[in-house]
Amino acid sequence: MVERAHRPASSGMRFENCRVVATGAAQGIGAQIVRDFASQGAEVAIIDKLLPEAEQLASELGGTAIECDLSDPCATRSAVTSAITDLGRVDVLLNNAGIFRITPLLEISADEWDSIFAVNVRAMLLTTQVAAGAMIKQGTGGKIINMASMGGKTGAANQAHYAASKAAVISLTQVAAAELGEHGITVNSICPGYVLTEMGAATRTPEMVAEWSSKSPLGRLAQPSDVASMALFLASSDADYCTGQAMNVTGGMITH
Ligand SMILES: NC(=O)c1ccc[n+]([C@@H]2O[C@H](COP(=O)([O-])OP(=O)(O)OC[C@H]3O[C@@H](n4cnc5c(N)ncnc54)[C@H](O)[C@@H]3O)[C@@H](O)[C@H]2O)c1
């Protein structure tokens with residue numbers, strides 16, 4: 001039985017005493033998630049390539065920001081190590097950073113494929129190795145949350161590299177859950193549908209938003225806060241018996 005370090009303290013805030021390392025949290029879904037963690041008492045370290053944005057948010061939240069290009073393996077390992085040193089410990093690793101491209105299957109170059117997998121999948125393996133290693137040393141257990149996508153379950157035209165990378169995230173999550181469970185570490189992924197963030201904004205038209213919204217029984221696309229609620233649930237003690245799962249936040253667009 002692993003003694004968990006991030007039990008809420010007397011203030012009753014759900015994540016008091018909880019130290020969160022989050023990648024790709026300078027903007028979009030990740031920024032919303034770290035805001036919600038901080039508003040419930042967590043201390044956060046943001047790892048992102050957008051340093052000014054990460055620093056601005058970290059200073060608002062009383063956290064720290066670390067600049068890192070997650071496509072660089074050495075820089076990735078050292079950024080997570082620094083984040084854990086700054087926080088003094090790690091209870092939650094949020095692997096949120098991801099890149100998205102729309103390219104027809106027949107036009108995807110080897111370099112484009114590799115660049116997507118480097119950030120969306122390989123960086124996730126490296127951050128997990130460092131953070132899970134620290135959690136095991138701490139003996140406190142921990143929670144690892146990986147951002148996948150509905151596309152990782154369904155695929156989508158012109159997204160072969162992105163969809164395959166997100167299927168790999170789901171698989172990596174299952175393997176990590178199987179190996180880390182004995183240390184009291186849970187590992188789950190989140191599969192959002194369409195979320196209204198900067199990612200994809202350049203290619204998103206009002207007509208597309210209307211068409212996608214009509215595919216959800218709820219008649220709308222997700223807000224970042226819908227995804228953040230799932231992340232905080234998975235990081236909480238309410239999800240202690242949940243591991244290896246790929247949780248949909250799609251407004252019912254898919255049900256598997
Ligand atoms: N927006 C959607 O509709 C949607 C749907 C399903 C899944 N997702 C996933 O959710 C996650 C967040 O998406 P978002 O919409 O907030 O995207 P976003 O583009 O708004 O934010 C992504 C963040 O990751 C950071 N990042 C990207 N590449 C990086 C790199 N090489 N090194 C360091 N940081 C890097 C960016 O700087 C940014 O802060 C991604 O993993 C994405 O695949 C998004």
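The values are calculated or read from the model by the stated rules, or taken from the named source; none is laboratory data. Because the structure is predicted, anything quoted here is derived from the model rather than measured. Because the Cβ atoms are built from the backbone with ideal geometry, glycine has one as well, and the counts that use them run over all protein chains shown. Just the protein is used for accessible areas: all its heavy atoms, side chains included, with ligands, DNA and RNA removed. Shrake-Rupley method; radii C 1.70, N 1.55, O 1.52, S 1.80 Å.
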_I'm checking my understanding of the structure. Among residues of segment 158-198 that are open to solvent by less than 10 Å² (accessible area, probe 1.4 Å), touching a helix residue (DSSP H, G or I) at 6+ places or on another chain (Cβ under 6 Å) and hydroxyl-bearing (S, T, Y), which one is nearest to the ligand (Cβ to nearest atom)?_
S165
*Give the residue that is farthest from the ligand (Cβ to nearest atom), with candidates limited to residues of segment 35-59 that are charged (D, E, K, R) and under 24 Å from L234 (Cα atoms).*
E43
*The lone exception for R101 - which of (1) in a helix (DSSP H, G or I); (2) in contact (Cβ under 8 Å) with a residue 40 or more places away in the chain; (3) within 16 Å of the ligand (Cβ to nearest atom); (4) of a type in the set (D, E, K, R) it fails*: (1)
*Taking L94 and the conditions (1) among the hydrophobic types (A, V, I, L, M, F, W, C); (2) open to solvent by 50 Å² or more (accessible area, probe 1.4 Å); (3) part of a strand (DSSP E or B), which numbered condition does it fall short on, given that it satisfies the others?*
(2)
*Exactly one of (1) away from the ligand (no atom under 16 Å from the Cβ); (2) crowded, with 20+ Cβ neighbours inside 10 Å; (3) more than 30 Å from E179 (Cα to Cα) is unmet by I108. Its number?*
(2)
*Within the set of pairs 6 or more residues apart or between chains, which connect a residue that is over 14 Å from L234 (Cβ atoms) and free of Cβ contacts under 8 Å to residues at least 40 places away in the same chain inside segment 19-34 to a residue that is small (G, A, S) and open to solvent by 10 Å² or more (accessible area, probe 1.4 Å) with Cβ atoms less than 8 Å apart?*
A26/A65
*Restricting the first residue to segment 209-237 and requiring it to be open to solvent by less than 50 Å² (accessible area, probe 1.4 Å), which pairs with a second residue that is away from the ligand (no atom under 13 Å from the Cβ) and among the aromatic types (F, W, Y) meet a Cβ separation below 7 Å and a spacing of at least six or different chains?*
L232/F37
*Being at pLDDT 95 or above and in contact with a Gly (Cβ under 7 Å, 6 or more places away or on another chain), is that true of even one residue in segment 101-109?*
no
*Residue list for segment 12-26, restricted to those being within 29 Å of M199 (Cα to Cα), assigned to a loop (DSSP other than H, G, I, E, B) and either within 13 Å of the ligand (Cβ to nearest atom) or charged (D, E, K, R) (or both)*: G24, A25, A26
*Given S115, S82, which one is open to solvent by 40 Å² or more (accessible area, probe 1.4 Å), over 18 Å from V195 (Cα atoms) and near the ligand (Cβ under 10 Å from one of its atoms)?*
S115
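Based on what the data block shows, is A65 open to solvent by less than 10 Å² (accessible area, probe 1.4 Å), at pLDDT 95 or above and either among the basic types (K, R) or touching a helix residue (DSSP H, G or I) at 6+ places or on another chain (Cβ under 9 Å) (or both)? Spell out the reasoning first.
Details: open to solvent by less than 10 Å² (accessible area, probe 1.4 Å): no; at pLDDT 95 or above: yes; either among the basic types (K, R) or touching a helix residue (DSSP H, G or I) at 6+ places or on another chain (Cβ under 9 Å) (or both): yes.
Against the criterion (open to solvent by less than 10 Å² (accessible area, probe 1.4 Å), at pLDDT 95 or above and either among the basic types (K, R) or touching a helix residue (DSSP H, G or I) at 6+ places or on another chain (Cβ under 9 Å) (or both)), A65 does not qualify.
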